[in-house]
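The values are calculated or read from the model by the stated rules, or taken from the named source; none is laboratory data. Quick caveat: nothing in here was measured; it's all calculated off a predicted structure. Cβ coordinates were reconstructed from backbone atoms using ideal geometry, including for glycine residues, and neighbour counts include every protein chain displayed. We work out accessible area using only protein heavy atoms, side chains counted, and drop any ligands, DNA or RNA first. Shrake-Rupley method; radii C 1.70, N 1.55, O 1.52, S 1.80 Å.
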Amino acid sequence: MSLQPQFSERPPRDVNGPASAPYWEEPASSPYWDAPELAEHLAGQSVHGPEPDASPAILQGLNEAQQQAVLSTEGPLLIIAGPGSGKTRVITHRIAYLVEECGVNPWQILAVTFTNKAAREMRNRLDRLLLSRSEAVTMGTFHAVCSRILRRHGDRIGLNPNFTIYDQDDQIDAIKSSMQLADVDTKRFPPRAMLSRISAAKSTLQESRQMRESAYAAEDEYGANWIETCSRVYHYYEEALSRQNALDFDDLLMRTASLLKNVPEVRAQYHERYRYLLIDEFQDTNIAQYQLARLLTGTHQNLCVVGDPDQSIYSWRNADIRNILSFQSDYPDATVISLGENYRSTKNILQAASSVIAANTERIERPLFTGNPAGRPITLHEAYSADDEAAWAVDEVTRLTKTGEVRAGDCAIMYRINAQSRAFEDQCMRQGMPYRLVGGVRFYHRKEIKDAVSYLRVIYNPDDEVSLRRVINNPPRGIGAKTAQLLTRFSTDRGNTMLAAMQQIADARTEQLPCPISVTARAAKSIADLAITFQRLRDASRELAVADLLDRVLDMSGLARHIQADENSEDRWDNVQELRALAEEYGPSPQADGLGAFLERVSLVSDVDSYEQTDDALTLITLHQAKGLEFPVVMIAGMEEGLLPHSRSLDTIREIEEERRLCYVGMTRAMQRLYLLRAFSRPFPSSGGIPSRFLQDVPEELLASPALERPPGTRADTHPLNPSRPSRNEDAVIGGSWATSRRESRTRRGEAGEGTTGGATRGHLRGDIDEKLTEWVSSRPPRAPQPERIPLTVGEIVRHSVFGEGVVQDVQGVGDDEQVTVNFSSAGLKRLLVSLARLERG
DNA sequence: CATATAGCAGTTTTT
DNA sequence: CTGCTATATG
């Protein structure tokens, strides 16, 4: 390997480059991963010189808190960063500072991001700061990092390096067959719920044995019996995955943690390797990820985590906000910095968002502020139906773009569930508005894609039974459920894999021996043929580039013919071709394990990752996926009870508060203009048209009626709910779902009787036309008055939840930045941020 | 025993 | 609108 990695000759990164740029920000054949010599080489290049400059250029343009965050290079650091506080900027500047000013070898820096897209964006920013050597910094998601570590060192814990990564669909399949083996009724125990409980256990690094033990101790909403059954299925599931040489997403974390914990040499190697670890979106990490971070952080303790508890929206994926508290108790010496100033949004937007989030009770209050102008009022539009909501939104985007103020690419429509995107897509097509849909039925989850990928998976990992079962009769070749079951039994009886069993049948046929299992001659032939096909494909995979291999798979499996024979197959075939185009990037050298890299990418990449915000097209995106993005114009659609908050999240306060955070995340994506939209009727899922409770928390004075802004005579000037104007959608009134709901018709009568003329204004939200809403408002307990915080004084005695009692030694800063130094009797001297630490007086 | 078709239900968010 | 299951047919 060359010791001269031509850093500076690397072509400048194309920010608007192809969406298919490698997701893993370190190329598969990267020299950086395993070249200690390179580390030395880079160290030689580094600026070892004098102490870091007290005011280097890199700090220019940063506020005081941001500078502090950049400069706190040694020891643990917790950054609580509000929305739009320049968090990403702080992280990249910090990395640049470490490299440029402190002489840290970039090879020894690991930055963990939530999505691959975030990693790519961070890389782009770093490129601009560092000019060279930024490439040596490792960036990626926990899952990608773990996958990489396991492929390299997994053998130390008995792992085969060509493991398959199972996504949720595969997991469900595996759970189903595990339940069959465990003799558990899938009707009484829905596989999804099973998986969810098992995944929760895995996210806290619990194996099935521990889960079983906890079954009797823990109080679970389902009861001990349910947990006991779960742990049994979990046990079979564990075995199935291990037999198939497959890892699910949780395993990636779990196994890596176990590797680092149990193999000291490997741990030491990574401690040496990664001297500086940064974790973005820390509020969305789970326990396993946090443990992993701790294991990766050596005695140097240079662990920097950045997060915002108010933006924690992934608890359903077992993200655990307690990690932030754990961090503070695990690293009591940690520096804590709060970034409160918002550089993104107008005052109005920030205030509206703050008001919404302030209603959460399980929350530490933290003031946000901005020097930005007040900007425009928030627009609330109340549409008649989901279609009208979409029509109005697209109209509005058109109107804005016509004035030349904004481009379509500056606008985003956000919604709670993917199903909502359809109405907007339809409208965009009707009105000729270019749009960009993020997510939706995700590419890699499409049937034809999964089928093709499954063939590749079996070629790569012949033990992968989930994939084999998926393709064994796809396209249909006469191997039905019965035959598949016989095959499974035959293989398990012999202690063989399924593919090996098929091979045996093929061998028996060539030698004209009787078929070892009792299946029809046709089935036996099909099995044998498929086994031979796989054998050939496997041989071919050693010589062919991935794209060529894919071609051969499509041809030999009959999948190509099968897809093309279908009536409306054009889209599906296009998708396959798109997959092929992606595979092109993983040729032409099969020696470099292009197939493995390709499959890994297919498993770990998500759709947001390939999304570039530079298109001049309107963005349609879910609220979850919008995290970390920003747009000059944001419209949040479906501000209705049952949708936001979602009907499945109404059971507990905890869930509702997460929905509220989701709303907050959406609102704080907006820079200049924010629109909140709701509809009175919606085909599916029917929300009943009740306005979202979150709307109630937006102060009235921040809202405006769109009618006031709109020139007369334009389309949306007429409102179907206003009796003084003609309805523009008669069809919907008569034949639509309008009158189908009793509640809806009641609302409508009430509106007419009231004779409201204000159109879509806050007025009729607040009015008593909507009984449900009124009910809700009146039944809502009044918010407890917030006690005003009186600054602490030196000498005062305080109590901390973790450190116990102590005496205040010093107080600095005010408000959000108020910091105290406390001498705790048990834990000694600690510096704390008053706004974060739960300090009690006395 | 495999397959096609019709009828049914179940629909959050994603690494 | 789609992905599964039960049923009829080949």
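Go through (1) part of a strand (DSSP E or B); (2) within 17 Å of A:Lys525 (Cα to Cα) and name the single condition A:Ala508 misses. Result: A:Ala508 passes all but (1).
Residues are listed down the side, and each one gets a yes or a no for (1) over 25 Å from the mean Cα position of the chain (by Cα); (2) surrounded by fewer than 21 Cβ atoms within 10 Å (Cβ to Cβ):
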| residue | (1), (2) |
| --- | --- |
| A:Val233 | yes, no |
| A:Glu265 | yes, yes |
| A:Gln289 | no, no |
| A:Leu296 | no, no |
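Just one of (1) open to solvent by 70 Å² or more (accessible area, probe 1.4 Å); (2) within 26 Å of A:Val546 (Cβ to Cβ) fails for A:Ser467. It is (1). Annotation note: of A:Arg536, A:Arg542, A:Arg572, the sole residue that is out of contact with any strand residue (DSSP E or B) (no Cβ under 9 Å at 6 or more places or on another chain), free of Cβ contacts under 8 Å to residues at least 24 places away in the same chain and among the basic types (Lys, Arg) is A:Arg536.
So for segment A:176-184 (the condition being over 20 Å from the mean Cα position of the chain (by Cα), within 16 Å of DNA strand B (Cβ to nearest atom) and either of a type outside the set (A, V, I, L, M, F, W, C) or open to solvent by 10 Å² or more (accessible area, probe 1.4 Å) (or both)), does at least one residue qualify?
Here is the first cut: in segment A:176-184, the ones over 20 Å from the mean Cα position of the chain (by Cα) are A:176-184.
Imposing the further condition that a residue be within 16 Å of DNA strand B (Cβ to nearest atom) reduces the set to A:176.
Going one step further and asking which of them are either of a type outside the set (A, V, I, L, M, F, W, C) or open to solvent by 10 Å² or more (accessible area, probe 1.4 Å) (or both), we end up with A:176.
Yes; the residues of segment A:176-184 include at least one that is over 20 Å from the mean Cα position of the chain (by Cα), within 16 Å of DNA strand B (Cβ to nearest atom) and either of a type outside the set (A, V, I, L, M, F, W, C) or open to solvent by 10 Å² or more (accessible area, probe 1.4 Å) (or both).
Tell me the residue from A:Ile563, A:Ile527 that is at pLDDT 85 or above, within 16 Å of DNA strand B (Cβ to nearest atom) and surrounded by 20 or more Cβ atoms within 10 Å (Cβ to Cβ), please.
On the way: A:Ile563 fails: at pLDDT 85 or above.
It is A:Ile527.
Of the numbered criteria (1) within 14 Å of DNA strand C (Cβ to nearest atom); (2) in contact with a helix residue (DSSP H, G or I) (Cβ under 7 Å, 6 or more places away or on another chain), the one A:Arg422 fails is (2).
Restricting to segment A:336-353, name every residue that is part of a loop (DSSP other than H, G, I, E, B), open to solvent by 20 Å² or more (accessible area, probe 1.4 Å) and farther than 17 Å from A:Lys627 by Cβ.
Step one: list which residues in segment A:336-353 are part of a loop (DSSP other than H, G, I, E, B), which gives A:340, A:343-346.
Right, trim to open to solvent by 20 Å² or more (accessible area, probe 1.4 Å) and you get A:343-344.
Scanning segment A:336-353 gives a single hit, A:Tyr343.
Do you know which residues across segment A:646-677 are closer than 24 Å to A:Arg407 by Cα and outside any loop (DSSP other than H, G, I, E, B)? So that I can check it myself, show each step before the final result.
The initial filter retains those residues of segment A:646-677 that are closer than 24 Å to A:Arg407 by Cα, namely A:665-677.
A:Val665, A:Gly666, A:Met667, A:Ala670, A:Met671, A:Gln672, A:Arg673, A:Leu674, A:Tyr675, A:Leu676, A:Leu677 - these are the residues of segment A:646-677 that are closer than 24 Å to A:Arg407 by Cα and outside any loop (DSSP other than H, G, I, E, B).
Selection of first residues in segment A:413-433 that are in a helix (DSSP H, G or I) and among the acidic types (Asp, Glu) and of second residues that are at pLDDT below 85 and within 16 Å of DNA strand B (Cβ to nearest atom), restricted to Cβ pairs under 8 Å at least 6 apart or on distinct chains, gives the following pairs, ordered by first then second residue: A:Glu425/A:Leu437. Under the condition of being open to solvent by 40 Å² or more (accessible area, probe 1.4 Å) and in a strand (DSSP E or B), the residues counted in segment A:363-404 number 1. Here A:Arg682 meets each of (1) more than 16 Å from DNA strand C (Cβ to nearest atom); (2) over 15 Å from A:Ala359 (Cβ atoms); (3) in contact with a helix residue (DSSP H, G or I) (Cβ under 7 Å, 6 or more places away or on another chain); (4) of a type in the set (Lys, Arg) with one exception, condition (1).
Of A:Ala246, A:Ala224, A:Ala215, which residue is touching a Phe, Trp or Tyr at 6+ places or on another chain (Cβ under 6 Å), open to solvent by less than 10 Å² (accessible area, probe 1.4 Å) and either on the phi > 0 side of the Ramachandran plot or at pLDDT below 95 (or both)?
Selected residue: A:Ala246, the only one of A:Ala246, A:Ala224, A:Ala215 that is touching a Phe, Trp or Tyr at 6+ places or on another chain (Cβ under 6 Å), open to solvent by less than 10 Å² (accessible area, probe 1.4 Å) and either on the phi > 0 side of the Ramachandran plot or at pLDDT below 95 (or both).
The residues in segment A:434-462 that are away from DNA strand C (no atom under 12 Å from the Cβ), open to solvent by 20 Å² or more (accessible area, probe 1.4 Å), farther than 15 Å from A:Ala408 by Cβ and not in a helix (DSSP H, G or I) can be counted, and the count is 1.
For segment A:579-600, the tally of residues that are at pLDDT 85 or above and open to solvent by 70 Å² or more (accessible area, probe 1.4 Å) stands at 1. Residues that are within 16 Å of DNA strand B (Cβ to nearest atom) and under 27 Å from A:Arg151 (Cβ atoms) within segment A:422-469 comprise A:Arg442, A:Phe443, A:Tyr444, A:His445, A:Arg446, A:Ile449, A:Lys450, A:Asp451, A:Val453, A:Val466, A:Leu468, A:Arg469, listed in sequence order. Confirm whether A:Ser147 is under 25 Å from A:Leu599 (Cα atoms), in contact with a helix residue (DSSP H, G or I) (Cβ under 9 Å, 6 or more places away or on another chain), of a type in the set (S, T, N, Q) and away from DNA strand C (no atom under 16 Å from the Cβ). Considered against the rule, which asks whether it is under 25 Å from A:Leu599 (Cα atoms), in contact with a helix residue (DSSP H, G or I) (Cβ under 9 Å, 6 or more places away or on another chain), of a type in the set (S, T, N, Q) and away from DNA strand C (no atom under 16 Å from the Cβ), A:Ser147 comes out as yes.
Would you pick out the residues in segment A:126-161 that are assigned to a loop (DSSP other than H, G, I, E, B) and open to solvent by 10 Å² or more (accessible area, probe 1.4 Å)? Write out each step before concluding.
To start, the set of residues in segment A:126-161 that are assigned to a loop (DSSP other than H, G, I, E, B) comprises A:131-133, A:137, A:158-161.
Scanning segment A:126-161 gives A:Leu131, A:Ser132, A:Arg133, A:Gly158, A:Leu159, A:Asn160, A:Pro161.
Could you count how many residues in segment A:625-640 are in a loop (DSSP other than H, G, I, E, B) and either touching a Phe, Trp or Tyr at 6+ places or on another chain (Cβ under 6 Å) or open to solvent by 30 Å² or more (accessible area, probe 1.4 Å) (or both)? So the answer is 5.
Flag: A:Arg536 matches the condition of being under 20 Å from A:Phe598 (Cβ atoms) and over 35 Å from the mean Cα position of the chain (by Cα). Residues being out of contact with any Lys or Arg (no Cβ under 8 Å at 6 or more places or on another chain), near DNA strand B (Cβ under 9 Å from one of its atoms), among the small types (Gly, Ala, Ser) and closer than 21 Å to A:Ala423 by Cα are entirely absent from segment A:628-642. Residues in segment A:196-205 that are closer than 14 Å to A:Glu228 by Cα and either open to solvent by 40 Å² or more (accessible area, probe 1.4 Å) or within 16 Å of DNA strand C (Cβ to nearest atom) (or both): A:Arg197 alone. The condition (being modelled with pLDDT of 90 or more, closer than 24 Å to A:Asp464 by Cβ, open to solvent by less than 80 Å² (accessible area, probe 1.4 Å) and outside any loop (DSSP other than H, G, I, E, B)) is satisfied by just one residue among A:Asp555, A:Asp548: A:Asp548. Among the residues of segment A:471-483, is any more than 9 Å from DNA strand B (Cβ to nearest atom) and crowded, with 19+ Cβ neighbours inside 10 Å? Checked segment A:471-483: at least one residue is more than 9 Å from DNA strand B (Cβ to nearest atom) and crowded, with 19+ Cβ neighbours inside 10 Å. Checked against the criterion of being closer than 16 Å to A:Gly154 by Cβ, among the aliphatic types (A, V, I, L, M) and at pLDDT 90 or above, segment A:267-283 has no qualifying residue.
Using the structure shown, decide if A:Pro514 is within 12 Å of DNA strand B (Cβ to nearest atom) and farther than 30 Å from A:Lys402 by Cβ. Against the criterion (within 12 Å of DNA strand B (Cβ to nearest atom) and farther than 30 Å from A:Lys402 by Cβ), A:Pro514 does not qualify. Report yes if A:Arg407 is away from DNA strand B (no atom under 11 Å from the Cβ), at pLDDT 90 or above and open to solvent by 10 Å² or more (accessible area, probe 1.4 Å), otherwise no. Answer is yes for this residue.
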